[in-house]
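A short worksheet on the structure shown next.
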Amino acid sequence: IEQCREKFDFIFAGPPYALQNIDDLPRLIFEKQLLKENGWFILEHTPRNNYESFPFFKSARNYGTTVFSTFVNRKDEL
């Protein structure tokens, strides 16, 4: 993430659930501007992580021990 200079339409992250800095991923994706306008970021995580207060958060789907949170890079979300 730190060295990436490209912008993407879609990013999917399915990191190890025990990753200590998993909560930093959404922030880093948007700080580094890795998504094109209207690009989507999907983060796979456990129910113990909650990203609903994040500015670009769109929705979360819970599948028991797995949650997929969706973030969309929309200017009107700021």
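The values are calculated or read from the model by the stated rules, or taken from the named source; none is laboratory data. Note that the structure is predicted; figures quoted are calculated from it, not measured. Using ideal geometry, Cβ is built from the backbone for each residue, glycine included, and neighbour counts are taken over all protein chains shown.
Is it the case that residue 59 is assigned to a strand (DSSP E or B), free of Cβ contacts under 8 Å to residues at least 60 places away in the same chain and hydroxyl-bearing (Ser, Thr, Tyr)? So residue 59 passes the test.
Quick one: is residue 58 of a type in the set (Lys, Arg) and touching a Lys or Arg at 6+ places or on another chain (Cβ under 6 Å)? Spelling it out, it is not the case that residue 58 is of a type in the set (Lys, Arg) and touching a Lys or Arg at 6+ places or on another chain (Cβ under 6 Å). If you check 3, 33 for being closer than 16 Å to residue 75 by Cβ and part of a loop (DSSP other than H, G, I, E, B), only one passes: 33.
Of the residues making up region 1-22, those that are under 12 Å from residue 39 (Cβ atoms) and either touching a helix residue (DSSP H, G or I) at 6+ places or on another chain (Cβ under 6 Å) or charged (D, E, K, R) (or both) number 3.
In this structure, residue 68 does not satisfy being outside any loop (DSSP other than H, G, I, E, B), exposed (fewer than 15 other Cβ atoms within 10 Å of the Cβ), at negative phi and modelled with pLDDT of 95 or more.
If you filter region 23-65 down to residues that are β-branched (Val, Ile, Thr) and either buried (at least 18 other Cβ atoms within 10 Å of the Cβ) or over 19 Å from residue 1 (Cβ atoms) (or both), you find that the one that is farthest from the chain's Cα centre (by Cα) is 65. So, residue 11, is that one among the aliphatic types (A, V, I, L, M) and surrounded by 13 or more Cβ atoms within 10 Å (Cβ to Cβ) or not? Here the answer is yes, as residue 11 does meet what is asked.
Comparison of 19, 43 shows that the only residue that is aliphatic (A, V, I, L, M) and part of a loop (DSSP other than H, G, I, E, B) is 19.
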